[in-house]
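K.L.:
Let me give you the structure first, and then I'll get to my questions.
What follows draws every value from the coordinates through simple rules; no lab data is involved. Being a predicted model, the structure only gives us computed values, none of them experimental. With ideal geometry, Cβ positions are generated from the backbone for all residues, glycine too; neighbour counts draw on all protein chains shown.
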Amino acid sequence: MQRATLPLLSLALGASLLSVFRASTTRAAAPLPVRYDATAAGRISRRFDTADAVATPRVDEHAAVLRRIRTAQQGTYIADILLERDSALARWPDRHGKPLTVWIQPESPVPDFLATYTAEVRDAFQEWDALHLPVHFTFVDDSSNAEVHVTWIDRFTEPISGRTRWSRDDAWAITEANITLAVHHSSGDQLDDDAMRAMALHEIGHLLGLDHTTDSLSIMAPRVRVRELSEADRATARLLYALPAGSVR
């Protein structure tokens, strides 16, 4: 994803609210659950040589979350995420015993598409999975059975190489997400296997709820220069999934 990729690489867009109400001639029906949609993207760069509405939490619970962030944030970029998200954290609910089902488009008519790309994306999912978060991934062959879809396009018109779209509910719990990866940079150059894997790592980070960081040595930097997860990427994901979703104001 030519770091031009829940646009996942140069910039993250705000969420748009969609709320639907039904009306009855006799009485008003209860509102449907609210869903918020968001998009994130990133671009790939030359690598570095070194590499229903919820109740407001009780005051004591809120204070406990803030204390946990203060004591555990060193070595993470959780502060960057809170700044980007207006002091809120989005993540998937814990899914012990029920992994997220992922379908990776096995082939594409896009010019220069390589069969090896699918293996690189699968490896990227497995690298995040190795963190043993309370959300795991499993791959399926039938797209209709998947909760997460990874598909290919030729290129983005923007200077990005990947994009993640995700939705959340009122509680900031992520409910669905899909990733689009480009075979070519917007300039026309083809991504090699190494760059495709890095782009996938970045986009999966968005899918998990991570946002961009100012740390250029992390996979979640807006312009991806590294090719593997940093210790800060791992620590931030673990901290995110040790905290409840929602506002921390």
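K.L.:
If you add up the charges near A90, with Lys and Arg at +1 and Asp and Glu at -1, over every other residue whose beta carbon is less than 9 angstrom from its beta carbon, what do you get?
P.N.:
Result for the local shell: +2.
K.L.:
Between region 103-168 and region 63-101, what's the alpha-carbon centroid distance in Å?
P.N.:
23
K.L.:
Let me ask you something else. Starting from the Cα gyration tensor of region 59-134, take the square roots of the eigenvalues, sort them a ≥ b ≥ c, and report rounded, prolate or oblate (rounded when a/c is under 1.5, otherwise prolate if a/b is larger than b/c, else oblate).
P.N.:
Prolate, since a/c reaches 1.5 and a/b exceeds b/c.
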